[in-house]
Structures are given as structure tokens and as C-alpha cells.
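One structure is given below, encoded as C-alpha cells.
The values are calculated or read from the model by the stated rules, or taken from the named source; none is laboratory data. Computed from a prediction, not measured in an experiment: that's the story for all the values here. Positions of Cβ are generated from backbone atoms using ideal geometry, with glycine treated the same way; all protein chains shown enter the neighbour counts. To get the accessible areas, we keep the full protein, side chains included, count just its heavy atoms, and leave off ligands, DNA and RNA. Shrake-Rupley method; radii C 1.70, N 1.55, O 1.52, S 1.80 Å.
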Amino acid sequence: MTVDKDKKMLEISGLTVVYRTDDEVIHAVNSLDLDISHGESLGLVGETGAGKTTTALSILQLVADPPGEITSGKILFEGTDLLKADKKTMRRYRGNEISMIFQDPMTSLNPVYTVGAQIAEVIKSHNSCSNAEAKARAMEMLEMVGIPKERYDEYPHQFSGGMKQRVVIAMSIACEPRLILADEPTTALDVTIQAQVLELMNELKEKLKTSMLLITHDLGVVAQVCDRIAIMYAGEIVESGDIEEIYENPRHPYTIGLFESIPSLEENVEKLKPIKGQMPDPANLPEGCSFWPRCPYVQEQCKREAPNMVHLNDKHKVRCFRAEKSAGEIKGREDSCNAR
Ligand SMILES: Nc1ncnc2c1ncn2[C@@H]1O[C@H](COP(=O)(O)OP(=O)(O)O)[C@@H](O)[C@H]1O
Ligand SMILES: [Mg+2]
């Protein structure tokens, strides 16, 4: 593993994004903190509407404005604040340094050009090379994602869903980005194809040492691909840490609910429906902890105050009064043991 934990590639702090409609303000992302180290894959997990896509779009300045507006925060990519970058600088980052894979491959593919020409176009726009060189390189990329190079001259509609997503992956790695933002890249695929695409992403991660933000609602996918996980609820990170630590010892009631809701492997669920009740309306978030209306452990304090993120240890953070208290008790016991 080549994760260099001390060197942060991406550091998001205090990111706040709203969408303003005629009659309401939707609080999509609320003071979110998130970081990714060099060579690291971070899984971002949460129900539909949690703000995952908005977070990824913010990194590339792709939030539609209006209705969207980034009202505060910083997104440092190797020290440069992307939120302050001008259009020209952003164009350089997009594709050259950071690329995004969307859930629907047709978001990225143009139906009227051959897949080979589209990959070659990406290569040409990022390197000064001849048409023949770009074509040869595009063929290599196709082979790399498991598509025979003979299919270079075919059009998107001649490919299945899984194959189209492979083409998109080939396009997104063609410019050798250092960070890939993958927004539910396998959700639209059936389970077998999904496994193949994930295997491919894993191989590429090892081979190219690319960092990745993998957005998904599937905890199995995260376990397969990621080094670290962040759980998102109502626009906030409620728990994050190393995969093993979080899977073995989830502490936020929402995370615990997510793990309890993992369906059997045969079932392919479209949406997580982990815990009774629904995510709060982002135009009308509750006072205090945003999870309290659904929480089986709710106390009076939770309805009044929003919990801070507590560092349980260097591999595990959680935003919950209950976890904070039990962490305090453990620390207290340790201290009294040490004193003796
Ligand atoms: N263009 C938009 N206009 C208005 N509301 C939006 C828009 N895009 C997203 N939202 C709202 O922002 C919230 C977060 O959405 P999104 O970032 O897509 O979450 P996720 O990817 O986790 O499902 C949701 O309540 C969604 O309805
Ligand atoms: Mg989304």
C-alpha cells in the first residue's frame, strides 16, 4: 500500500453549499470537512440526498449556479484553494489533475462520435501529440480497461452499460489524473458487471497510484476498493476512519443502522433504507444533531446542541454525544489505571 498519510492531496474544510429555489433554501452540504491522502481511496457513503454529489461537484467548481451556491469553505488541492481558482486554472485541473466519473456513462460520452475518437480527443487536449500517437494511446487505454482495441471505431450505442462505463473510465484515466472522483460509477450496472468494473478500478488504483473519492451507497463496494470511509448524513460527515476500524467498531447510530441494513449478496438494492424514518428535509433541518429524529438513543441534549466531531483515536472520528461520552469513560478508566 502506498498511502502516504501525512501528505494530504485534498483537504476540504467548512464546505457549505445551498441551492436556492423560489420558496426555499436547501442546505445540501453543511460545513463539511474531508481529506484524501496521496494514493488513498476514500469511500463517501450515505443515502440519496445526503449531499455526496454536491460535494464532488464543488471540488471541480461544477455546482450549477444558480440555483447552487458555495457559501463558505476551502477546498485545497495540494495547497491551492480550488474554490478561488479562476476558470482557466480550473479547466487545467479538470481532466489534467482531477477527473470525474458520473453514474450515467452517457453524461460523459457523446453519442455521435466513436469511443476511440473520444478517448483520443481527451489525450490530445492534454498532451501535445500527433493524431496517430493519440490513437495508439487511446487503443492502449481501451485494452487497459478490458476492451479489445478493434472496437476503437464503434459508437457508444454499440456497447453495453458496463462496457460504456469502462470506456468512461478509460477516458477519465487517459490524462493520468492524480485524483478521480467517481460518483456511483457502478450503481447502474448489474452485480456481475459491477464486480468486474470494481476489480478494474482496483487494478488501476494499484498500477497508477491514483487517489480516489468513491461515492456509493454500497458498503460492500467500499470494503472492496477503499482505504478509508466517511459516512455522510444531511450534508455532514457523521463518522469517518480506516475501513477495518469502522467496519469492526461503528459508533454512530446511523452507521450502525447502515451496517445492519446490508442486504444479502443476492439482492441488489437501489437505495439504502437503513433506519426507520427519513432523512430530514434539507430545507428544514432540525435543531441540534441532524440525526436525532431517527436516533434510537436520542437524549434531550441531542435536540438542542449539535455534537462536534470527536477523535476517538487517530483512525476514527465520530459526531455523536453518546460515542463522545463512552470515549470519555474509556479515557477516564485508562487514566485511573495509569495513575495506579
Ligand atoms: N440543482 C439542484 N437544485 C435544487 N436542489 C438540488 C439540486 N441538486 C441537488 N439538490 C438537492 O441537494 C440535496 C443534496 O443532493 P445531492 O448532492 O445530489 O445528494 P446525493 O448525491 O447524496 O444524493 C438534495 O436535497 C437535493 O435534492
Ligand atoms: Mg448523488
Worksheet item: So what's the back-of-envelope 222 nm ellipticity for the chain, counting only DSSP H runs of four-plus at -39500 (n - 2.57) apiece and dividing by all residues, rounded to 500?
Response: -11000 deg cm²/dmol
Worksheet item: What does the charge count near Glu150 come to, summing +1 for each Lys or Arg and -1 for each Asp or Glu among other residues with Cβ under 14 Å from its Cβ?
Response: -1
Worksheet item: With contacts defined as alpha carbon pairs under 8 Å and 6 or more residues apart, what's the relative contact order of the chain in percent?
Response: 19
Practice prompt. With unit charges on the beta carbon (Lys/Arg positive, Asp/Glu negative), name the residue among Ile123, Leu258, Ile243 whose Cα is farthest towards the positive pole of the charge dipole of the chain.
Written response: Ile123
Item to complete: With an 8 Å cut-off on Cα pairs and a minimum separation of 6 or more residues, tell me the relative contact order of the range 95-151 in percent.
Response: 25
Worksheet item: Magnitude of the Cβ-charge dipole of the chain, K/R +1 and D/E -1, about the Cα centre, nearest 20 debye?
Response: 560
Worksheet item: Against the longest principal axis of the chain, how steep is helix 87-96, in degrees 0 to 90 to the nearest 10, with axes from Cα atoms?
Response: 80
Discussion item. Relative contact order of the range 1-90, please, whole-number percent, based on alpha carbon pairs below 8 angstrom and at least 6 residues apart.
Written reply: 36
Worksheet item: Phe259: accessible area at probe 1.4 Å, nearest 10 Å²?
Response: 40
Worksheet, complete the sentence: Residues meeting the amide H criterion for His38 (H placed from the backbone, H to H distance under 5 Å, 5 or more places apart or on another chain) are Asp4, Lys7, Met9
Response to the item:
Hull volume per residue for the range 120-275, using the convex hull of the C-alpha atoms, in Å³ is 128
Item to complete: Compare Glu69, Glu140, Glu184 by solvent-accessible area with a 1.4 Å probe and give them largest first, with all protein chains kept in place.
Response: Glu140, Glu69, Glu184
Practice prompt. Please work out the C-alpha center-to-center distance from the range 52-78 to the range 154-189 and express it in whole Å.
Written response: 22
Fill in: Percent antiparallel among DSSP beta bridges (both partners in the chain, rounded to 5)
65
Response to the item:
Placing one equal point scatterer on each C-alpha of the chain and summing with Debye, one gets log10 I(q)/I(0) at q = 0.08 Å⁻¹ equal to -0.41
Fill in: Residue-wise HN-Hα coupling along the range 218-234, computed from phi with Karplus coefficients 6.51, -1.76, 1.60 (Hz; x: Gly, Pro)
10, 5, x, 4, 4, 4, 6, 10, 9, 8, 9, 10, 10, 9, 10, 9, 6
Item to complete: Could you pull out every residue, at least 5 positions away or on a different chain, whose amide H is within less than 5 Å of the one on Leu181? Hs are placed 1.01 Å off N in the peptide plane, and Pro or chain starts have none.
Response: Ser99, Met100, Ile101, Leu213
Worksheet entry | In Å², nearest 10: area of Ser13 left accessible to a 1.4 Å probe | 50
Worksheet, complete the sentence: Debye calc, one equal point scatterer per Cα of the range 19-92, no solvent, log10 I(q)/I(0) at q = 0.12, 0.16 1/Å comes to -0.37, -0.66
Fill in: the chain: angle of helix 131-144 to the longest principal axis, Cα-based, in degrees nearest 10
50
Fill in: Translational diffusion of the range 202-258, µm² s⁻¹ [Kirkwood Rh, Cα pairs; Stokes-Einstein; 25 °C; 0.890 mPa s]
201
Response to the item:
The value for the range 52-161 (convex hull of the alpha-carbon atoms, volume per residue, Å³) is 141
Worksheet item: When all protein chains stay in place, what accessible area (Å², nearest 10, 1.4 Å probe) is found for Arg91?
Response: 150
